[in-house]
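The values are calculated or read from the model by the stated rules, or taken from the named source; none is laboratory data. Note that the coordinates shown come from a computational prediction; the quantities given were computed from them, not determined experimentally. The accessibility values were calculated without ligands, DNA or RNA, using every heavy atom of the protein model including side chains. Shrake-Rupley method; radii C 1.70, N 1.55, O 1.52, S 1.80 Å.
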Amino acid sequence: MQLGDVDLGNRRITVGGHVRPLDDLTRRVVLDWLDHRRSRWPNTANPHLLITQKTAVELGPAGKLWTTRATRNLTATLERLRVERQLEEALTHGADPLHLALVFGIDEKTAIRYGDAARQLPASEAEEHHGRS
């Protein structure tokens with residue numbers, strides 16, 4: 001992912017060639033990262049969003065090993081964050097499978113499963129989950 005893949009003004013992000021809405025949480029994380037990146041490596045010409053001390057003086061992306069190490073031993077794994085984000089979107093937008101498929105670029109069967117899961121949550125549990133975000 002490159003810096004140009006993030007359009008903060010229009011609240012969009014391009015992931016894997018697909019343009020998606022940029023939710024508030026992701027926007028805040030990207031802004032925080034960009035502030036850190038600017039202060040840590042103010043003169044880098046690297047066009048990639050994620051860079052390291054090594055790649056800041058190059059033009060390549062941070063490697064998979066770096067991202068794996070950066071997320072190791074976290075209680076909030078990338079998979080768990082992905083699932084939580086999709087469920088949150090389903091709860092917020094009425095569990096509409098078409099909306100979920102468009103926002104996350106998932107197939108219709110997966111979108112229907114997420115919508116069904118959100119609809120089956122008891123109202124009190126859904127309110128509790130929605131209040132955490």
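Counting only protein heavy atoms and a probe of 1.4 Å, the accessible surface of the range 1-93 is 56% carbon and sulfur. Pairs of Cα atoms nearer than 8 Å and 6+ residues apart set the relative contact order; for the chain it is 16 percent. The residues of the chain expose, per residue, 69 Å² of accessible area to a 1.4 Å probe.
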